[in-house]
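Structure first, then comments.
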Amino acid sequence: MSEGPAIHFFTDVMGRVNQVPQEMGGSCVQCGNCCMNKRCMFLQAIDDGRFQCGIYHSLLRRFSNCGSFPLNAYDIERYECPSYFVIQVMPASPESRRR
Ligand code: SF4
């Protein structure tokens, strides 16, 4: 727990809440990267090289902070998540508002 969720909280979540993007795309493909690079003791291998969390529905996971992934682009890059991506929201230019 200290290597995964705790580090994730103290390095990625705490103090970075203002960096949470408004829009994020993708969906979990269960690669296991964000689960301590597939080394989490609760991770279970399933079919096609995918993984699932063995405590997904338990109270323990709720306190693990794992559900906060991915929080931002840094988070996605850190775990080399193959699916999630930040959608850049561009402010409308004055020209586009006149149309
Ligand atoms: S790194 Fe991304 S795709 Fe892989 S298990 Fe985590 S959320 Fe899912």
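The values are calculated or read from the model by the stated rules, or taken from the named source; none is laboratory data. Not measured: the values here are computed from a predicted model. Glycine also receives a Cβ, built like all others from the backbone with ideal geometry; neighbour counts cover every protein chain displayed.
Within segment 83-93, does at least one residue satisfy the condition of being touching a Phe, Trp or Tyr at 6+ places or on another chain (Cβ under 8 Å), touching a residue at least 24 places away in the same chain (Cβ under 8 Å) and under 25 Å from E23 (Cβ atoms)? No, segment 83-93 contains no residue that is touching a Phe, Trp or Tyr at 6+ places or on another chain (Cβ under 8 Å), touching a residue at least 24 places away in the same chain (Cβ under 8 Å) and under 25 Å from E23 (Cβ atoms).
Yes or no, residue by residue, for (1) away from the ligand (no atom under 13 Å from the Cβ); (2) of a type in the set (D, E); (3) part of a helix (DSSP H, G or I); (4) at pLDDT 90 or above:
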position: C40; (1), (2), (3), (4): no, no, no, yes
position: I76; (1), (2), (3), (4): no, no, yes, yes
position: M90; (1), (2), (3), (4): yes, no, no, no
position: S96; (1), (2), (3), (4): yes, no, yes, no
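Only residues that are modelled with pLDDT under 90, more than 14 Å from C35 (Cβ to Cβ) and of a type in the set (G, A, S): list them for segment 58-74, please. Listed by number, the list holds a single entry, A73.
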